[in-house]
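Accompanying notes for the structure given below.
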Amino acid sequence: MAQLIGGLGTSHIPAIGGAIHKGLQQEPYWKPFFDGFPPIHQWLGEKKPDVMVIFYNDHGLNFFLDKMPTFAVGAAREYVNSDEGWGIPSLEPLRGEIDLSWHIINTLIDKEFDVVTCQEMLVDHACSLPLKLFYPEGNYPVTVVPVCINTVQFPLPSAKRCYALGKAVGEAIKSWDSSKKVAVLASGGLSHQLDGERAGFINKEFDLQFLDSLESNPEWATQFTVHELVEKTGTQGVELLMWLAMRGALGTGGGSKVKRVTGNYHIPISNTATAVLALETV
């Protein structure tokens, strides 16, 4: 069966892609953020995952306010990186892992998750930017399965539901009849609000507590309602739902344990609290 080797999380601010394109990684504004990635590059070089399942939120390429599924899973042979107008060069299409996609979809349906299946799917910075950060040399050695979670249009799924989704995805990965190594990736967050009266809001104390909980007490954040999470993290800070799904996939109980490989937290970039984290299954 497939081996689930660990989980990764990173912020996906579009301006990060612009900084990469312009070669600004060592500029004082950007360096504290990019300094968090070399340990992850080393870990990926050692573990060499074949597939990444990416929990992310779509920013209007596939779904918009008039049509917004709670959960959607890609089942395409490739995913085209579409231009969103941020000035980030488009990347080569991401290669899909279609057999795992269908295995995840069937498993989720069996577990009563009513997901949307996408046999054609565009991907935005939320999918492509993490791969650029984790594999800065390009030529990504992994295939992908995108799992889209609605964090844009209310009603949003609860933290508890997203954690359960992650658990179901993790069970699907572990039961996939393959010798491949799989990592799960969370894209988004952490606390930030880009508009309204609280524009610029960041909650460092909550962010750090949340990051710590992912290692030792992963269900901690499931106690909060979506509205409470918006209050604590900002309107866009609910992107931490992807991090909960990632952690859920790694499992709890029954001998499932994780260890923290590395992590980094930096504020602010574009009025956003940024973080990167790597957890390894043990």
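The values are calculated or read from the model by the stated rules, or taken from the named source; none is laboratory data. Nothing here was measured: the structure is a model prediction, and the numbers come from that model. Counting neighbours? That spans all protein chains shown, and the Cβs are built from the backbone with ideal geometry, glycine included.
Quick notes on this one:
A quick yes/no check of all residues on (1) crowded, with 24+ Cβ neighbours inside 10 Å; (2) under 25 Å from Pro93 (Cα atoms):
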{"residue": "Gly138", "(1), (2)": "no, yes"}
{"residue": "Thr143", "(1), (2)": "no, yes"}
{"residue": "Pro146", "(1), (2)": "yes, yes"}
{"residue": "Pro155", "(1), (2)": "no, no"}
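- Some residue of region 32-51 being within 20 Å of Thr151 (Cα to Cα) and in contact with a helix residue (DSSP H, G or I) (Cβ under 9 Å, 6 or more places away or on another chain): no
Residue-by-condition table, conditions (1) over 21 Å from Pro39 (Cβ atoms); (2) loosely packed, with under 14 Cβ neighbours inside 10 Å; (3) among the β-branched types (Val, Ile, Thr); (4) without any contact (Cβ under 8 Å) to a residue 24 or more places away in the chain:
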residue: Leu214; (1), (2), (3), (4): no, no, no, no
residue: Val230; (1), (2), (3), (4): yes, no, yes, yes
residue: Gly237; (1), (2), (3), (4): yes, no, no, no
residue: Gly248; (1), (2), (3), (4): yes, no, no, no
residue: Val282; (1), (2), (3), (4): no, yes, yes, no
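- For region 217-255, the candidate set comprises residues that are charged (D, E, K, R) and under 16 Å from the mean Cα position of the chain (by Cα); within that set, the residue that is farthest from Ser187 (Cα to Cα) is Arg247.
- Every test in (1) hydrophobic (A, V, I, L, M, F, W, C); (2) buried (at least 21 other Cβ atoms within 10 Å of the Cβ); (3) at pLDDT below 90 is passed by Ile104 save one, and that test is (3).
- From Leu214, Leu277, residue being in a strand (DSSP E or B) and at pLDDT 95 or above: Leu277
- Hits in region 166-190 - residues which are polar (S, T, N, Q) and under 21 Å from Thr10 (Cβ atoms): Ser187
- Every condition in (1) touching a Leu at 6+ places or on another chain (Cβ under 6 Å); (2) at pLDDT 95 or above; (3) closer than 16 Å to Asn57 by Cβ holds for Arg247 except the one numbered (3).
- The number of residues in region 183-208 being surrounded by 14 or more Cβ atoms within 10 Å (Cβ to Cβ) and outside any loop (DSSP other than H, G, I, E, B) comes to 9.
- The residues in region 32-43 that are closer than 13 Å to Leu133 by Cα and surrounded by fewer than 18 Cβ atoms within 10 Å (Cβ to Cβ) can be counted, and the count is 5.
- Within region 191-211, tally of residues that are among the aliphatic types (A, V, I, L, M) and modelled with pLDDT of 95 or more: 2
- Any hit, region 111-118, residues being farther than 19 Å from Arg247 by Cα, buried (at least 20 other Cβ atoms within 10 Å of the Cβ), among the acidic types (Asp, Glu) and at pLDDT 95 or above: no
- In region 144-156, the residues that are modelled with pLDDT of 95 or more and outside any strand (DSSP E or B) form Cβ pairs under 7 Å with partners that are surrounded by fewer than 24 Cβ atoms within 10 Å (Cβ to Cβ) and among the hydroxyl-bearing types (Ser, Thr, Tyr), at six or more places apart or across chains, as follows: Asn150/Thr70.
- Criterion violated by Gly85 - all others in (1) at positive phi; (2) modelled with pLDDT of 90 or more satisfied: (2)
- Residue list for region 102-138, filter: in a helix (DSSP H, G or I), closer than 20 Å to Phe63 by Cα and touching a Ser or Thr at 6+ places or on another chain (Cβ under 6 Å): Ile105, Ala126
- Filter pass, Leu4 being touching a residue at least 40 places away in the same chain (Cβ under 8 Å), surrounded by fewer than 16 Cβ atoms within 10 Å (Cβ to Cβ) and under 23 Å from Phe113 (Cα atoms): no
- Selection of first residues in region 66-80 that are in contact (Cβ under 8 Å) with a residue 24 or more places away in the chain and of second residues that are of a type in the set (Gly, Ala, Ser) and not in a strand (DSSP E or B), restricted to Cβ pairs under 7 Å at least 6 apart or on distinct chains, gives the following pairs, ordered by first then second residue: Val73/Ser101; Gly74/Ser101; Ala75/Ser101.
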